[in-house]
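Contents: one structure, followed by commentary.
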Amino acid sequence: MEVRIGIKENGRDISFESDQDAKALTALVEDALSGSMLKLTDNKGKLILVPSSSIAYVEIGAEEGRRVGFIA
């Protein structure tokens, strides 16, 4: 699942792949917005920490299977 986090007053965003499903990621983001820190883990085990006050947006990609073969 692709996750993008926009940071206030910064032109760049944080992008990474996560093994968690959309519901779990949404719950973590909602909890973080009422708290002080967003804590997520990417699919390689790296911990991403973002202060809740700095979050401009969170984009969670749609779940889809991997494509096999060539697209013509």
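On the basis of being part of a strand (DSSP E or B), exposed (fewer than 15 other Cβ atoms within 10 Å of the Cβ), at pLDDT 90 or above and of a type in the set (S, T, N, Q), does S15 make the cut?
So S15 passes the test.
A32 - would you say it is touching a helix residue (DSSP H, G or I) at 6+ places or on another chain (Cβ under 6 Å), at pLDDT below 95 and surrounded by 14 or more Cβ atoms within 10 Å (Cβ to Cβ)? Spell out the reasoning first.
Details: touching a helix residue (DSSP H, G or I) at 6+ places or on another chain (Cβ under 6 Å): yes; at pLDDT below 95: yes; surrounded by 14 or more Cβ atoms within 10 Å (Cβ to Cβ): yes.
Considered against the rule, which asks whether it is touching a helix residue (DSSP H, G or I) at 6+ places or on another chain (Cβ under 6 Å), at pLDDT below 95 and surrounded by 14 or more Cβ atoms within 10 Å (Cβ to Cβ), A32 comes out as yes.
Would you tally the residues in region 18-42 being in a loop (DSSP other than H, G, I, E, B) and either over 11 Å from the mean Cα position of the chain (by Cα) or over 21 Å from I7 (Cβ atoms) (or both)?
Step one: list which residues in region 18-42 are in a loop (DSSP other than H, G, I, E, B), which gives 18-21, 35-36, 42.
After this cut, where a residue has to be either over 11 Å from the mean Cα position of the chain (by Cα) or over 21 Å from I7 (Cβ atoms) (or both) as well, the list is 19, 21, 35-36.
Number of matching residues: 4.
Quick one: in region 43-61, which of the residues that are under 12 Å from the mean Cα position of the chain (by Cα) and hydrophobic (A, V, I, L, M, F, W, C) is nearest to M1 (Cα to Cα)? Quick ask: steps written out before the conclusion?
Taking region 43-61 as the starting set, the residues that turn out to be under 12 Å from the mean Cα position of the chain (by Cα) are 43, 47-50, 55, 57-61.
From what is left, the residues that are hydrophobic (A, V, I, L, M, F, W, C) are 47-50, 55, 58, 60.
Values: L47: 16, I48: 15, L49: 18, V50: 18, I55: 19, V58: 13, I60: 7 Å.
Taking the candidates together, the pick is I60.
Which one of the conditions (1) surrounded by fewer than 16 Cβ atoms within 10 Å (Cβ to Cβ); (2) closer than 12 Å to Y57 by Cα does T41 fail to meet, given that it meets all the rest?
T41 satisfies every listed condition except (2).
Any residue in region 30-53 that's touching a residue at least 40 places away in the same chain (Cβ under 8 Å): show its pairings with residues that are assigned to a helix (DSSP H, G or I) and of a type in the set (A, V, I, L, M, F, W, C) at Cβ separation under 8 Å, as long as the two are six or more apart or on different chains.
V50/A32
The values are calculated or read from the model by the stated rules, or taken from the named source; none is laboratory data. Given the structure is predicted, the values throughout are model-derived calculations rather than measurements. Counting neighbours? That spans all protein chains shown, and the Cβs are built from the backbone with ideal geometry, glycine included.
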